[in-house]
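Working notes, structure below.
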Amino acid sequence: MKPQIPPLLLAPLIPAGGTTLQQQLYQRIKQGILQGQLAAGTGLPSTRQLALELQVSRNTVLNVWTQLQAEGYLMSDRQGSRISSLALPARQADDDTLASWPLAKRMDPFYLSQWADTGSLPLRPGIPALNHFPMAAWRRALSQVTHHTPPQLLGYGDPLGDPELRAVLAQQLRITRGVRCDAGQIVITEGVQQALTLCVALLSNPGDHGWIEDPGYRGAKAALQGGELNVIPISTDHQGLAPQPIHWEQTPPRLIYTTPTHQYPTGAVMSASRRLALIAAAQQHQAWIIEDDYDGDFHYHGEPIMAMQGMTDNAPVIYLGSFSKTLFPALRIGFMVLPAPLVKRLRPALHQILRGGNRLEQQALTRFILNGDYRRHLGKMRRLYRQRQALLRTGLQRAAGQAISLLGGNSGMHLVLPLEPHRDDVAITRKLHQAGYAPGALSTFYLTEPVQQGLVIGYGNCRDTQITAATGQLSRLLGWPG
């Protein structure tokens, strides 16, 4: 006796929306099983019978049966095909149910901060002049690689990064940043954030103390919190990170994150004496210094400030950098320079953690540098950012109608406009976001009270007309005479 065809299967199949008849039948039966409309043990008609009923080819039904059997939804034997017995959830979980499930405790601190997707809006800090990137030169570099790509280049590479890129970087860092290194000390990462995460994972344990600048880079705080370190905010002054003897005594660090060349966001430059003192104290306490040289290539007056890493032999400094600001953020290529004694000890772990991907992009970047395109682009961007910083300074002074003190120095791609204590910089930035601008609120970069009110204003990705319009908008919000 032929099994009765369940009504669910008899609804006509109608081609629509690019979905084939085979896909429709497969989804109909699969969802019927998962939703309990087709009970376990239900017998199904033969493929020939169902094909006749639905007026489709038998191969269409055969292919569906084969797929459902492979996935375990159907069983077939001499008696025919029937629905498998599946352990279906008693109640389908909804969004509210899943939202109530516990997460890792280490995630708790992240919910204390608000995040807004401001994309590449004008005034957003840290975004370079994307419309000035030499796309034609970058395409040539990619073409040089892809037109001569041996098959092995499509597989995994050296987990520490492309050897040729590391060699080119080592030479460049020695010349332009005063970093003491060879290619073997460089690890290519997916941006500075991955490098920070690696430093935390490889050089610290949960419960260790990690120092960060206050105010400072929020990504560093996130990396330390993600590794379950005790985050210790260290106040900054006109020379950057300013630890006191009590900090070394009561909360000796395992990791110290700092931006000595151009403190983020205040722009302070750490003096040579303080750098050397920090290195000496770190050596005494067996602490690792993470030096984030995030925009050291953009210095507009005098010679560039050299890296702290190269000041002494065997400094306990891990030097970090990336191409997010010199080229474009989506490239996601950064690097860290390990002290030579660390390389051999960390190599086994790095080989397990990293996989050596993005080989084509890394080789294209190598070509881009060797072709001279990187050097030419940096030169153009230094001139452009120097001009935009001057325009922003002039515009803010004119709008304020008086001399105002701006932080940020003569480097980088942002300035800080301090505000009076009664101002609410978060509310001001919210209004500016609504007007199409995305500066940062200085108070949100602090971990401790009291905080300073202010605006962190990026000018890298702003045209001159946008800078002028933004200062006018800000003037109206703050009630300035200009």
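Conditions tested, residue by residue: (1) of a type in the set (Gly, Ala, Ser); (2) outside the structural domain of Thr326 (by TED's automatic domain parsing); (3) over 11 Å from Ile290 (Cβ atoms).
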{"residue": "Gly184", "(1), (2), (3)": "yes, no, yes"}
{"residue": "Gln193", "(1), (2), (3)": "no, no, yes"}
{"residue": "Leu198", "(1), (2), (3)": "no, no, no"}
{"residue": "Asp208", "(1), (2), (3)": "no, no, yes"}
{"residue": "Ala220", "(1), (2), (3)": "yes, no, no"}
{"residue": "Pro243", "(1), (2), (3)": "no, no, yes"}
{"residue": "Thr259", "(1), (2), (3)": "no, no, no"}
{"residue": "Tyr264", "(1), (2), (3)": "no, no, yes"}
{"residue": "Ala268", "(1), (2), (3)": "yes, no, yes"}
Yes/no for Arg367 being outside the structural domain of Arg463 (by TED's automatic domain parsing), among the charged types (D, E, K, R) and closer than 17 Å to Gly191 by Cβ: no
Output for the range 355-404, where each listed residue is within 19 Å of Pro122 (Cβ to Cβ) and more than 28 Å from the chain's Cα centre (by Cα): Gln387, Ala390, Leu391, Arg393, Thr394, Gly395, Leu396, Arg398, Ala399
Per-region count, the range 155-167, residues in a helix (DSSP H, G or I), surrounded by fewer than 20 Cβ atoms within 10 Å (Cβ to Cβ) and in contact (Cβ under 8 Å) with a residue 60 or more places away in the chain: 1
Some residue of the range 300-307 being in the same structural domain as Trp248 (by TED's automatic domain parsing), assigned to a loop (DSSP other than H, G, I, E, B), within 16 Å of Arg375 (Cα to Cα) and not charged (D, E, K, R): yes
Filter pass, Pro109 being over 30 Å from Leu384 (Cβ atoms), surrounded by 14 or more Cβ atoms within 10 Å (Cβ to Cβ), at pLDDT below 90 and out of contact with any Phe, Trp or Tyr (no Cβ under 8 Å at 6 or more places or on another chain): yes
Per-region count, the range 200-256, residues touching a residue at least 60 places away in the same chain (Cβ under 8 Å), over 21 Å from Met336 (Cα atoms) and buried (at least 24 other Cβ atoms within 10 Å of the Cβ): 1
For Ser273: the one exception among (1) of a type in the set (Ser, Thr, Tyr); (2) in a loop (DSSP other than H, G, I, E, B); (3) over 22 Å from Ile175 (Cα atoms): (2)
Condition met for Ser405 (among the polar types (S, T, N, Q), touching a helix residue (DSSP H, G or I) at 6+ places or on another chain (Cβ under 8 Å) and surrounded by fewer than 22 Cβ atoms within 10 Å (Cβ to Cβ)): no
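The values are calculated or read from the model by the stated rules, or taken from the named source; none is laboratory data. Remember, it's a predicted structure, so these values are computed and weren't measured experimentally. Don't worry about glycine lacking a Cβ; one is built from the backbone with ideal geometry, like all the others, and counts go over all protein chains shown.
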